[in-house]
Amino acid sequence: MLAGTALFLATLASSGDWGSPGPGHAVRRHDHGGNVLLSSGGQPVVVATGRAQGGGWAAGATGAVYGVGGAPALGSATGDHLNEPIVGMAATPGGGGYWLVASDGGIFAFGDAAFFGSTGSLHLNEPIVGMAATPGGGGYWLVASDGGIFAFGDAAFFGSMGGQPGYRAASIVATTTGYDLVSTTDAWTAYARPVGAGGSSGQASRPAPAGPVASSASKTPSSGQPAASASSVPTPLGAGFRYGYDLSHQAPDQAADDPAAAASARQVMASLPGTLDDVALMGWGEANPEPSPGVYDFTSLAKRVDMVLASGGTPVITLCGAPDWMKGGVAGTTDWSQLDVAPLPSHYQDFAALAAEVAAAFPQVRYFVVWNELKGFWNAATGSWDAAGYTAMYNDVYQAIKQVRPDAQVGGPYAPLPTLAGPGPGTDASTPAGSWGTVSQPTLDAVSYWLAHAVGADFLAVDGRLVTASDALVGSPLQSVGKYAALDAWLRARTSLPIWWMESHIEPDASGWSDQQAAAVRVAALAEMAASGASVGLQWQPQQEIGWPDLGLWTSTLSPGGGQPTALVPDLQAALPVLAGGVSLVPDEPPGVLVATGPAGTVAVDTNAAPAVAYTSSGLLPLGAGQVAVR
């Protein structure tokens, strides 16, 4: 069914003809409950209004647009090759422009309507059936026939009917606080910004996100051109603590993937909109970005950034991996065995220039991390990190990026903080330690040097493995995740920069944990981070694969039937909004039980392999083994 937008009801006459869009073709309204269709010469059309005089526009499936009620036609898509028919239309608030959307999600913008993104280059499970513009005209929503929502520009994602059995969407209607979905049976479902987010409050009847979708490009198509790609900034889960993950070579965008499994995995990504999704510059699934001096290849990087944006995630680029010619190799070749080798000091400026090229080519990426885990900077002779060398390279990169992208957020040093079972070389009274173990003092020294000598930074990046070199936890699972709180306290005493945990490996290879217990320990780790003042907590490798112990978000995409959500996904969907609102930990809980509470609710976690009871402000809360309960 071709659905028009119900926005025009406010100015459309209550019955009868609405002008004439063409010779011999009167447009007559037909009500289908709240959804309104028009016909012109027996053909369905879609409409939009926005003019104070009550006029508007009618568009046909072929892309033809007619001004009615005194509204001038500002352009049409009839001169373009349409892959799919036009199914929706929306006007800008002042009536100076409009958008057309095709069933594949391709966007055509005319007049003063700006292009904010599209799904035209993506594979959709269901076709687009309608669109609506935000009240200020700074963005728009698309709705698919299954009720999935795709948000662009300043359009916020408040929920969807995607995945609801039997649901079929007919259209979407913008409201002052969000949007309404209209089904083919004329059922209206309202979605609006939550209480405390500004403006009026509202509640979705089913908060199961399908995620905002967009694809990336360095240039925006001109008005009236089909929208194959563009950038879109998705709405995060909250203004506070944010969760995300590091994508590696095992991700749902590889040639070896089963197509259906990969598509399913991308749906899982979309079910957690607003995550920070880290992408490597080179390696871990990405090609050499500059195989020879001045010869750039960002194809694979762009593909992955597109996937992140299409899932509603916020892309982060870690500037790691240097072309061979920057570290003594031969230009035009790539020796992947040398991936962890750092650039030579004589090529720090070349690496910085590459980073600036990347920042300029991807304006839709705001966050950049300089290098990863200090790879290539260990000085075996002194038993310490070459913090001065890393910081010199960092400073060159920071300044180069800020010169071309003052808006970019740049951080480092992405220092590794693995767990030690006991004191190591250089350990002193200030070295954090506890029932979880301790950490390497040389790494803390490198962080301190960077903090003292970096020319600037927007956030501090570290990573922390809970298991020791012998692949074991020092304490219980809940005691072990206390490491993040202890290190956050150490870092907080030395800097006010936002703390980003770039990796957080939590599970030993032979843990024996069930998926439910593994998910519970992950949520407990994130709660420790959030409660101790960290801003970001990422986990490595969201795809579950043999050989990687941490529970991922989806099963392997290499075989048919893969890409399915794990037990971690529903736990995160429930817990992350609470953590984002700010939480503190309730003291004196039973062993293995964590309770985090804040303005957005309470998260109770049983990290044990047996049932337990949580002490909450509302009384005793029985928990099953590995259960995460949100109140």
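Each listed q (0.12 Å⁻¹) maps to a log10 I(q)/I(0) for region 378-534, found by the Debye formula over equal Cα scatterers with no solvent: -0.55.
The portion of the accessible surface of region 311-433 made up by carbon and sulfur, rounded to a whole percent, is 56 (1.4 Å probe; DNA, RNA and ligands excluded). Judged by the ratio a/c of the largest to the smallest principal axis of the C-alpha gyration tensor, region 480-631 counts as oblate, that ratio being 1.5 or greater while a/b is no larger than b/c.
If the chain linking residue 493 and residue 176 were pulled fully straight, counting 0.36 nm for each residue of separation and taking away their Cα-Cα distance, it would gain 109.7 nm.
Sorted into 10 angstrom bins from 0, the C-alpha pair distances of region 483-542 split as 22, 50, 23, 6 percent.
Surface calculation, 1.4 Å probe, protein heavy atoms: residue 278 sits at approximately 10 Å² accessible.
Determine, for each peptide in 152-158, 623-629, the mean count of other beta carbons within 10 angstrom over its residues, then list the peptides with the highest first.
152-158, 623-629
Ligands, DNA and RNA aside, residue 249 has an accessible area near 110 Å² when probed at 1.4 Å. Apolar share of the accessible surface for region 56-98: 51 percent from carbon plus sulfur atoms, 1.4 Å probe. Taking every protein chain into account, the accessible area of region 145-185 amounts to 30 square angstrom per residue (probe 1.4 Å). For region 353-429, the average shadow cast by the Cα convex hull is 6.7 nm², which is a quarter of the hull's surface. When the Cα atoms of region 279-408 are aligned to their principal axes, the ranges along those axes come out at 47, 30, 24 Å in descending order. Using 0.36 nm per residue and subtracting the Cα-Cα separation, the extra length available between residue 380 and residue 338 on full extension is 13.4 nm. Distance from the Cα centroid of region 362-427 to that of region 431-494 is 15 Å (rounded to whole angstrom). In this simple spin-label approximation, residue 584 and residue 349 carry label points 7 Å from Cα along the Cα→Cβ vector, and these lie 5.3 nm apart. For residue 620, project a label point 7 Å along Cα to C-beta. Then give me every residue of region 585-606 with its amide nitrogen under 18 Å of that point. Answer for region 585-606: 588-595, 604-606.
Cβ under 11 Å from residue 568's Cβ, residue 568 left aside: what net charge do those residues give with Lys, Arg +1 and Asp, Glu -1?
Residues close to residue 568 contribute a combined charge of -2.
When the solvent-accessible area of region 522-631 is split by element, carbon and sulfur atoms take up 61 percent of it, the probe being 1.4 Å.
Taking all protein chains into account, the per residue accessible area for region 85-133 stands at 24 Å² (1.4 Å probe). Maximal additional length on extending the residue 360-residue 431 stretch stands at 21.6 nm, based on 0.36 nm per residue less the C-alpha distance.
Per-residue surface analysis assigns residue 572 an accessible area of about 0 Å², computed on protein heavy atoms at 1.4 Å probe radius.
Which value, in Å², gives the accessible area per residue of region 509-591 when a 1.4 Å probe is used on the protein heavy atoms?
Counting only protein heavy atoms, the per-residue value for region 509-591 is 35 Å².
Charge tally for residue 480 (other residues, Cβ to Cβ under 14 Å; Lys, Arg +1; Asp, Glu -1): -1.
With all protein chains present and a 1.4 Å probe, how do 181, 497 order by accessible area, largest first?
Numbers: 181 0, 497 35 Å².
From most exposed to least exposed: 497, 181.
In this simple spin-label model, placing a label point 7 Å from the Cα along the Cα-to-Cβ direction at both residue 256 and residue 404 gives a separation of 3.2 nm.
The values are calculated or read from the model by the stated rules, or taken from the named source; none is laboratory data. Not measured: the values here are computed from a predicted model. With ideal geometry, Cβ positions are generated from the backbone for all residues, glycine too; neighbour counts draw on all protein chains shown. What goes into the accessible areas is simple: the full protein's heavy atoms, side chains included, and nothing from ligands, DNA or RNA. Shrake-Rupley method; radii C 1.70, N 1.55, O 1.52, S 1.80 Å.
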